[in-house]
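The values are calculated or read from the model by the stated rules, or taken from the named source; none is laboratory data. Remember, it's a predicted structure, so these values are computed and weren't measured experimentally. When we count neighbours, we look across all protein chains shown, and the Cβ atoms used for this are built from the backbone with ideal geometry, even at glycine.
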Amino acid sequence: MHRLYVHPLPIRIWHWLNALGFITMIVTGIQIRYIGLINLLSFRSAVLLHNAIGLVLIGNFFVWFLFYLFSDKIRVYLPELNPMKHFAASFRQMKFYGYGIFKGQPNPHHVSVYHKFNALQSMTYQIVMLLLVPIQFFTGVLLWDVDRFQPAINVLGGLRVVDTVHVLIFIFFAGFIFIHPYLASLGHTWSAHFKAMITGYEEVEDEEA
């Protein structure tokens, strides 16, 4: 077994701040949206906390974005140049998650410093981080001060459209919060990937290394 340093410190800090922030946003968002379902805080406190954490997450996003943009680590997000190969690798990974893992088959993806994500993760994280997260932040800012941003809201189709987009992406992230830890537990031990996101070091088999 070899150890590879695949999660730099800025990314680990970003990851755990992001996780805590998104959980807080989901809980406060549910309280704001569905009054009476959760009453951990007063309604005003929930709104203030939701807005404050939202601003923190926006800043945290730019830490992630700028780190990858100005370092060679951006290669971990680059897809296979051959679309057919990338699709085939994604399909193999889906088969492993849906069937192979329950049969004890080996993971088709082998971790390396610049290849820490499998093809399915690479594609999914690009959609999440470069499309859904920015849209969620943008719609959240518009809803933060409807009067101030009314012209922009009108251009996008009105308050109902902006609110619907925000809520739909919120539902996606609420589901993602449950799915992500499950997928993270599918290492050679259930805790291997969690430890890696704390220490930065991923354990891989000798032949993989």
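State the number of residues belonging to the range 70-106 that are more than 18 Å from Thr124 (Cα to Cα) and either under 21 Å from the mean Cα position of the chain (by Cα) or part of a loop (DSSP other than H, G, I, E, B) (or both).
7
Would it be correct to say that Phe117 is within 30 Å of Phe87 (Cβ to Cβ) and assigned to a helix (DSSP H, G or I)?
So Phe117 fails the test.
How many residues, within the range 135-161, are in a helix (DSSP H, G or I) and either free of Cβ contacts under 8 Å to residues at least 24 places away in the same chain or β-branched (Val, Ile, Thr) (or both)?
15
Within the range 186-199, count every residue that is part of a loop (DSSP other than H, G, I, E, B) and closer than 18 Å to Tyr125 by Cβ.
2
Please name all residue pairs, on different chains or six or more residues apart, with Cβ atoms under 6 Å, provided the first residue is in the range 162-187 and is more than 23 Å from Gln31 (Cα to Cα) and the second residue is at pLDDT below 95 and surrounded by 14 or more Cβ atoms within 10 Å (Cβ to Cβ).
That search, which allows pairs on different chains as well, returns Ala184/His193; Gly187/His193.
Take the conditions at pLDDT below 90, under 30 Å from Tyr201 (Cβ atoms), surrounded by fewer than 17 Cβ atoms within 10 Å (Cβ to Cβ) and not hydrophobic (A, V, I, L, M, F, W, C) and apply them to His15. Does it pass?
Against the criterion (at pLDDT below 90, under 30 Å from Tyr201 (Cβ atoms), surrounded by fewer than 17 Cβ atoms within 10 Å (Cβ to Cβ) and not hydrophobic (A, V, I, L, M, F, W, C)), His15 does not qualify.
Can you name the residue in the range 188-209 that is surrounded by 14 or more Cβ atoms within 10 Å (Cβ to Cβ) and of a type in the set (D, E, K, R) and, of all such residues, is modelled with the lowest pLDDT?
Glu208
How about the range 24-45: which of its residues are over 21 Å from Phe172 (Cβ atoms) and in contact with a strand residue (DSSP E or B) (Cβ under 9 Å, 6 or more places away or on another chain)?
Phe43
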